[in-house]
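The values are calculated or read from the model by the stated rules, or taken from the named source; none is laboratory data. Just so we're clear, the structure is a prediction, and the values are computed from it rather than from any experiment. Cβ placement follows ideal geometry from the backbone for every residue including glycine, while neighbour counts extend to all protein chains displayed.
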Amino acid sequence: MTQSEAIAQLQPIFDELFMEKVELTPELTAKDVEDWDSLLQISISLAVEQHFGIRFRVGEVEATKSVGDFADLICRRVAGN
Amino acid sequence: MLPSAAATLAPEVRGLAALKDAVLRRDPMFFGLLRERTAAAHTCEEVLLLATLRKKAERKGLVTELPSLRVALVGGYTLYPLNELIGHFLFTAKPPGSFHAEFLLGDYDNYISEILDPSSKLYEFKPEVIVFLPSSRRCRYSGNLLDARDKQEAEGRNIATQILDLCRVANSRGGAEIILANFPLPGRFDPGPYRARTLGSDWSFRKFVNLELGLNAPSYVHICDAEFLSARRGTLASWDARGWFESKQAYSPDMSVDVARECAYLAASLRVAPKKVAVLDLDNTLWGGVVGDDGLDGIEIGDTSPRGESFKAFQQYLLSLTHRGILLAVCSKNDYEKAIEPFEKHPEMVLRMKDIVAFKANWQPKSENIRQIAAELNLGLDSLVFIDDNPAEIEIVKQFVPEVETVLLSDDPSEYVGALQDTRYFEPRNLTAEDLERVDQYKREAQRRELLAAVTDMDAYLESLGMEAAIREFRTVDVPRISQLINKSNQFNLTTRRRTEAQVQEAMADPVYFGFTVRLADRFGDHGLISIVIGKVAGGEAEVDTWLMSCRVLKRQVEELVLNELVRLALARGCSRIKGVYVPSAKNGMVRNHYQALGFTPTLTSADRLEFELDPRLYAERPVRIRVAEKSYDTK
């Protein structure tokens with residue numbers, strides 16, 4: 001899976017959770033989106049793990065700085081390394 | 001074509017569409033829907049989504065009036081987002097048990113000083129309810145698996161007593177009800193089957209402490225039985241090591257939902273009158289079949305068939321409820337003579353006429369009969385629960401006597417007992433807060449005396465910790481941790497001056513600077529490297545360039561210990577002045593008065609900087625209850 005494929009799959013998850021269109025780009029960060037607080041971050045992590053059937057390792061999600069980073073992490077976990 | 005998230009999310013998440021519509025249309029029906037969905041939700045994911053929706057609704061101007069409730073959370077964990085979950089369950093509880101909660105969150109693992117310190121933010125908040133989650137790490141037997149049982153028991157009792165003492169102090173200052181979470185049991189095999197033969201294993205020790213807590217808890221302490229809740233969910237599924245290491249979460253996300261729901265339930269039960277009467281249908285509720293058609297010999301009750309046995313077990317459970325003070329009434333569409341026959345004549349019946357306080361068997365609407373039962377017993381309709389296997393009867397009662405709670409039984413009598421138990425309507429519980437008011441009056445005077453004693457308890461507590469510190473000059477091996485703390489600490493950080501590892505090493509090499517670290521351990525374990533100080537010496541003055549500390553050792557006298565060392569080092573460098581600087585940030589308000597509290601004199605006050613000074617030559621070393629094993633620059 002590529003970063004853009006992962007982002008394409010993230011898009012409807014974010015739309016669902018934010019209840020409005022949040023245009024995902026690799027550069028987007030939580031600071032750029034008004035509703036993106038720590039509570040929603042927990043929901044995002046849970047929903048993404050469920051959707052992709054993956055489990056993040058300790059500290060990984062916190063270390064990502066942008067949607068692009070996050071998508072790369074998803075790609076690595078989906079690829080199993 | 002990529003699958004849409006909506007198609008792959010769990011079905012309960014997909015069903016939220018109606019709720020979202022209600023938010024967008026600003027439909028007040030939203031709150032009823034929200035309550036239903038929340039009651040049915042069991043995963044953290046779903047409850048968080050519902051909580052987010054609720055906030056969204058509020059932002060869109062959908063409001064509902066609820067009484068407020070001030071809830072403080074303290075404990076050995078990060079208490080966010082547990083408070084969000086508790087707040088959501090309080091909001092969506094059935095009135096009058098529903099509240100708009102305001103929260104105060106204690107700092108991570110700082111509960112002992114928050115509770116003991118009478119001027120802490122906990123008491124400033126004036127909580128009505130305190131949710132208290134003591135640390136599982138402190139609920140461990142310190143000795144050996146093979147130690148004598150009475151030694152292990154003594155330590156377990158001691159831990160329980162300390163926790164209940166904290167509850168007592170917290171309650172005595174402002175009268176908050178305490179919801180105390182006990183300890184979940186570990187789900188791993190270690191130390192193997194021997195765990196059950198000793199109190200020294202975490203498994204047995206926590207069970208023992210939990211029992212001690214529950215059996216000795218005073219009436220203002222309400223146990224949130226995390227041991228039970230985690231067993232119900234599964235001990236392995238209740239713990240999440242990743243969540244602990246990432247953000248010091250107490251439980252797995254789904255277990256947090258169980259605990260939050262229970263906390264809200266306990267808080268609500270302080271204000272809601274308990275149910276007093278079970279109003280029972282007869283045919284296919286108390287026995288199988290229809291007595292009017294099948295006759296006394298034709299109904300299924302008793303040990304001759306699995307169905308008959310199930311109905312008998314249900315009757316036995318109902319009879320056991322009467323021993324808790326619950327009244328039983330009958331409300332059945334039947335001829336009265338036929339209806340009473342099994343109670344009088346059937347040998348397998350458990351319930352008899354003497355067990356029934358009101359018996360309505362006629363052809364009137366059940367809603368009417370229920371009103372009459374309430375009137376005869378001189379009880380409010382809201383203390384009645386109606387139990388029937390017929391959905392149509394349940395619906396009529398819901399519509400015409402909405403004050404009465406209803407229980408619709410399934411068509412499988414083996415599930416009746418469980419179904420009724422799951423409603424939780426007839427749980428015996430602590431007295432209400434008002435009852436306690438009367439019962440506990442004579443205890444007040446004693447509590448006041450104890451409160452006075454509690455002020456000195458802080459000292460005794462610190463002494464009992466057996467703290468030991470090692471103070472060391474900056475060492476190369478510590479540089480990564482030093483730099484990490486310098487860049488992460490926000491709250492207890494006087495100047496919030498950040499430094500990379502390279503900059504730390506630079507300062508180490510520069511003779512103008514001195515720096516030391518403090519490691520702290522107590523009898524519960526090692527806190528590691530928890531405080532850092534950097535001083536800069538110039539012209540007979542030592543300026544405190546950096547002073548920071550991990551918040552989990554607040555109020556442990558580490559501040560005084562550090563000042564002692566600072567003075568010693570300043571004097572050794574021939575200084576006659578120590579200059580303290582406070583640079584306000586968005587997060588370090590807690591140390592604004594730090595220097596003054598330690599006896600420094602203010603010399604400069606401006607919006608972006610406070611300065612203080614202290615003459616080290618006039619300083620008397622502060623006594624601390626920390627044994628100092630090592631001081632810095634000792635080898636030089």
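Values computed for the structure shown
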| read-out | value |
| --- | --- |
| Residue that is more than 18 Å from A:D35 (Cβ to Cβ) and within 13 Å of chain A (Cβ to nearest Cβ), where the choices are B:L49, B:L82, B:L24 | B:L82 |
| Residue list for segment A:27-41, restricted to those being more than 9 Å from every other protein chain (Cβ to nearest Cβ) and not in a loop (DSSP other than H, G, I, E, B) | A:A30, A:K31, A:D32, A:Q41 |
| Test result for B:A41, at pLDDT 90 or above and at the interface with another protein chain (Cβ under 10 Å from one of its Cβ atoms) | no |
| Of residues in segment A:62-71 being in contact with a Leu (Cβ under 7 Å, 6 or more places away or on another chain) and assigned to a helix (DSSP H, G or I), the one farthest from B:L79 (Cα to Cα) | A:A71 |
| Test: residue in segment B:569-584 that is in a loop (DSSP other than H, G, I, E, B) and under 39 Å from the mean Cα position of the chain (by Cα) | yes |
| Checklist (1) crowded, with 18+ Cβ neighbours inside 10 Å; (2) at pLDDT 95 or above; (3) under 20 Å from B:G418 (Cβ atoms) applied to B:C331, failing item | (3) |
| Checklist (1) in a loop (DSSP other than H, G, I, E, B); (2) in contact with a helix residue (DSSP H, G or I) (Cβ under 9 Å, 6 or more places away or on another chain) applied to A:Q50, failing item | (1) |
| Hey, B:Y461 modelled with pLDDT of 50 or more, of a type in the set (S, T, Y) and assigned to a loop (DSSP other than H, G, I, E, B) or not | no |
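Rundown of residues vs (1) of a type in the set (D, E, K, R); (2) within 13 Å of chain B (Cβ to nearest Cβ); (3) buried (at least 19 other Cβ atoms within 10 Å of the Cβ), yes/no style:
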residue: A:T25; (1), (2), (3): no, no, no
residue: A:S43; (1), (2), (3): no, yes, yes
residue: A:G53; (1), (2), (3): no, yes, no
residue: A:E60; (1), (2), (3): yes, yes, no
residue: A:K65; (1), (2), (3): yes, no, no
